[in-house]
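Read the structure below first, then the notes.
The values are calculated or read from the model by the stated rules, or taken from the named source; none is laboratory data. Remember, it's a predicted structure, so these values are computed and weren't measured experimentally. Glycine also receives a Cβ, built like all others from the backbone with ideal geometry; neighbour counts cover every protein chain displayed.
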């Protein structure tokens with residue numbers, strides 16, 4: 001269309017001439033799928049987005065129109081030209097049925113993009129937007145309920161543009177303040193995060209929260225005002241709208257706490273306490289009573305259900321909220337119940353392991369299960385006695401078969417199981433003495449010979465089992481054979497020589513062991529890491545701080561070396577790959593960027609705190 005072509009080449013005079021010749025600004029151009037009116041508004045919005053300004057779109061429009069034709073800046077001059085074109089098109093559109101256009105389905109006209117009122121709000125044309133919203137009931141309903149492809153409605157757009165008048169009109173027409181857009185943000189969050197018109201955007205958020213009268217909406221608005229330091233103690237001249245939002249928040253939180261205390265509902269109490277802490281308001285009259293009531297109910301429920309996880313959480317919760325002294329009887333009962341439940345769980349696990357070992361018929365598994373169950377099952381337990389009897393028969397059979405077959409490996413295994421199980425059976429002891437006399441050497445010699453063989457092995461499991469057997473009988477760890485086998489184990493496992501090996505746990509659990517060694521006392525270690533913290537700490541706010549001030553400096557508490565063989569092996573391989581890649585390249589150091597810290601938060605309306613020397 002000629003009107004579209006004139007818009008593309010930015011010819012305001014031609015556009016005005018075509019409009020005077022009764023060109024229809026609402027006629028859809030098939031080449032772009034939009035009418036010239038929406039095309040001009042799109043161009044205006046793009047031009048306004050390029051202007052670097054902290055003002056809202058409506059303020060920019062008012063400022064540029066106030067200067068008339070005396071705009072010197074090139075970007076503002078382009079915006080001024082497009083503003084005149086868009087306003088002229090809006091005026092001419094009423095003669096071509098803009099009323100019917102506004103009452104039509106916006107989705108059919110825009111293809112899922114912004115509707116006409118939304119585009120007017122983005123461009124700061126407040127008066128024109130309000131005029132469109134006043135044409136009729138159908139147009140008003142469609143303007144409020146329509147959402148674009150990003151899930152935004154008119155209220156979201158007006159909140160981002162910090163336009164009080166359009167927001168008020170949208171709420172009057174039935175727009176819901178707590179409706180979320182496609183990104184999960186309400187109009188209050190859109191106003192809070194708007195980059196224009198600070199601090200007016202926070203005043204708008206509080207204004208919308210007062211209209212919504214929803215607790216979560218008020219919390220979001222007050223949190224934003226607190227972040228912007230528009231509430232006490234950061235300012236002594238709080239604006240009435242922010243003060244009204246804070247007062248409404250206190251009222252609603254008090255009511256929620258009272259309702260939760262009256263119902264004695266754990267979930268409601270927990271939610272109320274979290275909201276109080278999230279809102280940063282200190283000194284709530286019922287907060288301490290709610291915390292005590294919630295902790296008591298959790299402890300009683302844990303004792304009643306006998307659930308181990310609930311008991312642990314209830315005890316930890318009471319200690320975290322510092323009510324252990326007040327609820328000493330309930331905490332003691334919960335800890336006693338937790339101990340009983342843990343013992344019952346250990347007994348159940350031991351019985352299950354015994355049953356599985358009996359079913360497998362493996363003497364090694366059965367020996368391990370019997371040794372584990374002796375600490376949690378009474379001596380008169382029938383299943384334990386049966387398992388000990390079966391193990392006794394299996395060891396006896398292994399000794400007899402080894403003697404008859406002259407099988408040294410079987411005899412070594414049988415001697416080791418007999419020594420570990422400590423069954424005190426005369427027949428087994430006699431067979432062990434016979435094995436020693438037949439083999440011509442003592443079991444100690446057998447173990448030393450196994451260590452000598454293990455020092456040449458490539459299988460870490462075989463080496464580990466030989467070392468475990470040596471430790472089990474109390475042989476001297478200072479033996480050269482033991483040292484060679486241990487060194488071979490570290491070599492195969494790719495772990496440092498000075499790392500401690502836990503021989504009290506099975507080989508399958510070695511990769512899961514995390515040995516924590518405090519190395520703060522080693523020379524220069526603490527100084528090095530303190531310097532590292534000082535050089536890399538960045539005073540930057542992160543949301544996980546819950547609005548608490550960022551500490552100016554971090555103080556090192558301890559340096560803990562966490563030893564894990566699997567992680568260390570991966571680290572060594574990765575380090576080798578990196579060294580191969582950087583060979584021959586120029587030396588350099590990567591700059592530390594974006595290193596942030598986290599700490600716990602306290603409250604909102606209490607005394608302001610100095611920068612913290614936090615751990």
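So the values come out like this:
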| read-out | value |
| --- | --- |
| Wholly enclosed helices (runs of 4 or more DSSP H) of the stretch 268-366 bearing at least 3 residues within 28 Å of the chain's Cα centre (by Cα) | 287-305, 308-320 |
| Test result for residue 354, surrounded by 13 or more Cβ atoms within 10 Å (Cβ to Cβ) and more than 26 Å from residue 368 (Cβ to Cβ) | no |
| Scope the stretch 232-245; condition free of Cβ contacts under 8 Å to residues at least 60 places away in the same chain and under 30 Å from the mean Cα position of the chain (by Cα); matching residues | 245 |
| Among the residues listed as 218, 222, the single one being under 30 Å from the mean Cα position of the chain (by Cα), over 16 Å from residue 179 (Cα atoms) and modelled with pLDDT of 85 or more | 222 |
| Subset tally (residues that are in contact (Cβ under 8 Å) with a residue 24 or more places away in the chain, surrounded by 14 or more Cβ atoms within 10 Å (Cβ to Cβ) and closer than 21 Å to residue 426 by Cβ) for the stretch 369-399 | 12 |
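Residue-wise test of (1) under 25 Å from residue 352 (Cα atoms); (2) assigned to a helix (DSSP H, G or I); (3) within 49 Å of the chain's Cα centre (by Cα).
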| position | (1), (2), (3) |
| --- | --- |
| 380 | yes, no, no |
| 386 | yes, yes, no |
| 389 | yes, yes, no |
| 394 | yes, yes, no |
| 399 | no, yes, no |
| 402 | no, yes, no |
| 411 | no, yes, no |
| 416 | yes, yes, no |
| 428 | no, yes, no |
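Here's the yes/no breakdown for (1) over 41 Å from the mean Cα position of the chain (by Cα); (2) in a loop (DSSP other than H, G, I, E, B); (3) at pLDDT below 75:
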| residue | (1), (2), (3) |
| --- | --- |
| 14 | yes, no, yes |
| 24 | yes, yes, yes |
| 40 | yes, no, no |
| 44 | no, no, no |
| 48 | no, no, no |
| 51 | no, yes, no |
| 59 | no, no, no |
| 62 | yes, no, no |
